[in-house]
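Accompanying notes for the structure given below.
The values are calculated or read from the model by the stated rules, or taken from the named source; none is laboratory data. If you're wondering where the values come from, they're calculated on a predicted model, not measured in any experiment. With ideal geometry, Cβ positions are generated from the backbone for all residues, glycine too; neighbour counts draw on all protein chains shown.
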Amino acid sequence: MADINWSVKTQQLCNSFINKMKLPDSFQKIVRDIYLPLAEIIVNKKQSQPLLVSINGAQGTGKSTLTCFMQQIIEVESGYHTAVLSLDDFYHTRKTREDLAKNIHPLFLTRGVPGTHDLDTLENVIQALRNNETCIAPKFNKASDNPYRKSDWQTYDRTIDIILFEGWCNNSPVQSTTELAQPVNELEKKEDTEGIWRHHANECLAQYHQRVFDHADMCIMLQAPDFEHVFQWRSLQEQKLEARTPDNQQSHIMNDTELTRFIQHYERISRHSLHHLPGTADVILPVSADHTITGIITKQNK
């Protein structure tokens with residue numbers, strides 16, 4: 001069993017990350033109390049083949065911050081080579097989603113729900129990493145609503161020990177026909193009157209499980225207090241995106257009205273996950289209203 005403790009290198013990493021991400025000094029306590037114990041759990045799960053860790057969390061719960069810093073801690077403290085993948089980087093091109101909108105349902109134009117991701121590429125990248133094969137992983141530009149050029153994609157050409165794979169609907173439970181019957185918001189009520197969109201997204205989610213999620217060695221859930229906080233947190237993300245995006249590339253950055261409608265695309269699966277995923281996730285990280293992770297809940301201490 002490996003022990004991962006606060007070291008000089010971790011202190012340096014923490015200071016650098018706080019400065020780079022403009023985080024409060026209290027982040028150091030989160031690292032001590034949450035990140036280091038979580039890194040130890042992951043490292044001690046490592047077996048002979050590359051470990052696939054699936055990280056779930058609604059928009060704004062801090063998946064990217066957690067995953068990025070966990071990668072650095074694991075590599076510094078254990079020596080394991082770690083790859084980071086985000087489900088958001090595997091969105092289909094806007095042209096492909098336009099075709100889905102035309103052929104299946106107009107709501108598939110908006111990226112988000114299962115069915116709007118390039119599942120073939122996602123599965124191939126994960127398989128290549130687990131087989132220690134050289135591969136490139138896409139990167140998606142949310143400001144332009146299209147993937148970056150392949151020359152800007154991430155190349156993996158060394159042996160990978162641990163894959164940290166984060167996504168808003170990772171391991172989210174599939175719903176029953178009965179659960180899909182009634183709309184959960186105005187978007188579904190007015191724009192998915194026959195339920196075609198939500199039924200197809202649910203069928204795609206089942207495929208995500210069969211081809212990717214069910215092959216994960218462990219599932220970690222960042223648990224928001226409720227869905228009502230998701231809009232607030234997602235709005236903050238949009239403000240940050242706007243701040244770092246050149247004026248001539250801001251056509252796909254949303255105002256509050258657009259964002260409210262956008263979040264409703266995610267509401268059904270997010271609410272269902274908040275209710276059901278804590279029962280199956282290996283590790284739960286409760287996130288309070290002020291964005292603080294308040295503890296670690298494992299299957300052993302649920």
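Only one of the numbered conditions (1) buried (at least 21 other Cβ atoms within 10 Å of the Cβ); (2) hydrophobic (A, V, I, L, M, F, W, C); (3) over 23 Å from ILE263 (Cα atoms) is not met by LEU222, and that is (3).
Annotation for the range 97-114: at least one member residue is touching a Leu at 6+ places or on another chain (Cβ under 7 Å), under 19 Å from PHE262 (Cα atoms) and part of a loop (DSSP other than H, G, I, E, B).
Return yes when LEU66 is surrounded by fewer than 21 Cβ atoms within 10 Å (Cβ to Cβ) and either closer than 20 Å to SER270 by Cβ or not hydroxyl-bearing (Ser, Thr, Tyr) (or both) and no when it is not. Judged against the criteria, LEU66 is not a match. crowded, with 18+ Cβ neighbours inside 10 Å, acidic (Asp, Glu) and either at pLDDT 90 or above or under 23 Å from the mean Cα position of the chain (by Cα) (or both): is that true of GLU40 in this structure? Judged against the criteria, GLU40 is a match.
Here the condition is being farther than 24 Å from ILE297 by Cα and not aromatic (Phe, Trp, Tyr); of VAL76, VAL31, it holds for VAL76 alone.
Look at GLU77 and say whether it is of a type outside the set (Ser, Thr, Tyr) and surrounded by 21 or more Cβ atoms within 10 Å (Cβ to Cβ). Spelling it out, GLU77 is indeed of a type outside the set (Ser, Thr, Tyr) and surrounded by 21 or more Cβ atoms within 10 Å (Cβ to Cβ). Any residue in the range 50-58 that is crowded, with 20+ Cβ neighbours inside 10 Å, of a type in the set (A, V, I, L, M, F, W, C) and part of a helix (DSSP H, G or I)? Looking through the range 50-58, none of the residues is crowded, with 20+ Cβ neighbours inside 10 Å, of a type in the set (A, V, I, L, M, F, W, C) and part of a helix (DSSP H, G or I).
Annotation: of all residues in the range 80-94 being buried (at least 21 other Cβ atoms within 10 Å of the Cβ) and aliphatic (A, V, I, L, M), the one that is nearest to CYS14 (Cα to Cα) is ALA83. Restricting attention to the range 25-37, the residues that are more than 21 Å from the chain's Cα centre (by Cα) and aliphatic (A, V, I, L, M) total 0. Considering the conditions (1) within 12 Å of HIS272 (Cα to Cα); (2) without any contact (Cβ under 8 Å) to a residue 40 or more places away in the chain, CYS169 is excluded by exactly one of them, (2). Considering the range 173-190, the residues that are in contact (Cβ under 8 Å) with a residue 24 or more places away in the chain and assigned to a loop (DSSP other than H, G, I, E, B) include one that is farthest from LEU205 (Cα to Cα), namely ASN185.
How many of the residues making up the range 195-218 are surrounded by 15 or more Cβ atoms within 10 Å (Cβ to Cβ) and either under 13 Å from PHE165 (Cα atoms) or in contact (Cβ under 8 Å) with a residue 40 or more places away in the chain (or both)? So the count comes out to 15. If you go through the range 240-271 and pick out every residue that is polar (S, T, N, Q) and either surrounded by 12 or more Cβ atoms within 10 Å (Cβ to Cβ) or at pLDDT 85 or above (or both), you end up with 5. In the set (1) under 17 Å from LEU85 (Cα atoms); (2) not in a helix (DSSP H, G or I), THR193 fails one condition alone, (1).
Is it true that VAL76 is assigned to a helix (DSSP H, G or I) and touching a residue at least 12 places away in the same chain (Cβ under 8 Å)? Answer is yes for this residue. Only residues that are surrounded by fewer than 15 Cβ atoms within 10 Å (Cβ to Cβ), farther than 14 Å from TYR208 by Cβ and without any contact (Cβ under 8 Å) to a residue 60 or more places away in the chain were counted in the range 95-123, giving 6.
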